[in-house]
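Just so you know, all these numbers are worked out from the coordinates, no wet-lab data involved. For clarity, every value in this text was computed on a predicted model and none was experimentally measured. Cβ coordinates were reconstructed from backbone atoms using ideal geometry, including for glycine residues, and neighbour counts include every protein chain displayed.
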Amino acid sequence: METSSELKHLRIRATFGLYGRRISITDETVPRVFEHGKGFLDTDVPALGSTTWKANKTIVKVGNVRIGGRTPIVIAGPCSVESLDQLRETAISVKESGAAILRGGAFNPRTSPNSFQGLGEKGLEMLKKVGEEVGMPVVTEILSEVDIPIFERAGIDVAQIGARNGQNYRLIKEVAKSGIPMLLKRGPGSTVDEWLFAAEYALQEGNGSVMLCERGIRTFEKIESRYKFDLDGMKNAISRTHLPVGADPSHSAGRNELVPRFALDALSSGAKFLIIEVHRNPKEALSDAKQQLDLMQFRKLMESIKSHDRV
């Protein structure tokens, strides 16, 4: 183990405070993290997010919502912010049903460049406006580090790193530096280790408000859903990290009739939060129409979740 005298001869990349500790990160050529001049963590494991580093589970505070505690949190709203009326009607309904955080896409990464890409900054402003009207913090996806100032101006409460950017380390680091809480989705081709290491990039920037979200992985199997809902992988992550781990059954299912079962299975597997896509009229949705619940379907799901919590 290196001593403080040896540390003086190494180039320090960053020094920051995290969870009450003073941390120094050395040059990439030296695989060590230092605390108070002593090397204590190898870089071949996702150390800062581990339960070895922090035994107590982290609670991420988003406005007046606490994520990571005993009560699971539900995040709900449309795939895309389409109009103020559409968003407001959905937000009022999901809050009445029990959702705690409002979601909605303003910058939408789509497989086809011909698909609806979102309303951009206007969509962010609508999302925040409606969130404040109904009294809900808001979460939405960020696609590029150049959009961080826009998110800050709009007052977005949580920046989501989507599955396509799950290993975009530059984006993860820059969002972390901004101090905005982060919801980090697992990439469809990422192992659990790669997912946890992605979170490590945020933690090394001193941002401890990171939540991990399982949203399904690709397999070679022919399955009923859009992606394989990897609850074993999610449980593996839960056992290894102090960060809150949740799930997105909507994107994994790809079909709204599967979402309730996937959601309850995730809760039974230890998910601390769920992200559910909800639209006032899914048939008219401009994106991901097949996987969005309507307002009554979501209300029934929330009744099932409340019954599940009482068990």
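Taking (1) without any contact (Cβ under 8 Å) to a residue 12 or more places away in the chain; (2) surrounded by 22 or more Cβ atoms within 10 Å (Cβ to Cβ) in turn, Glu132 satisfies each apart from (2). Suppose we keep only residues that are of a type outside the set (A, V, I, L, M) and not in a helix (DSSP H, G or I) within region 261-282. Which one would you say is farthest from Val74 (Cα to Cα)? It comes out as Asn281. Note on region 268-311: residues that are surrounded by fewer than 23 Cβ atoms within 10 Å (Cβ to Cβ) and among the β-branched types (Val, Ile, Thr) amount to 2.
The residue that is surrounded by the most Cβ atoms within 10 Å (Cβ to Cβ), counting only those in region 139-178 that are touching a Gly at 6+ places or on another chain (Cβ under 7 Å) and free of Cβ contacts under 8 Å to residues at least 60 places away in the same chain, is Thr140.
Scanning region 179-212 for residues that are in a helix (DSSP H, G or I) and either buried (at least 19 other Cβ atoms within 10 Å of the Cβ) or among the aromatic types (Phe, Trp, Tyr) (or both) yields a count of 10. Just one of the numbered conditions (1) touching a Gly at 6+ places or on another chain (Cβ under 6 Å); (2) free of Cβ contacts under 8 Å to residues at least 40 places away in the same chain is not true of Arg226: (2).
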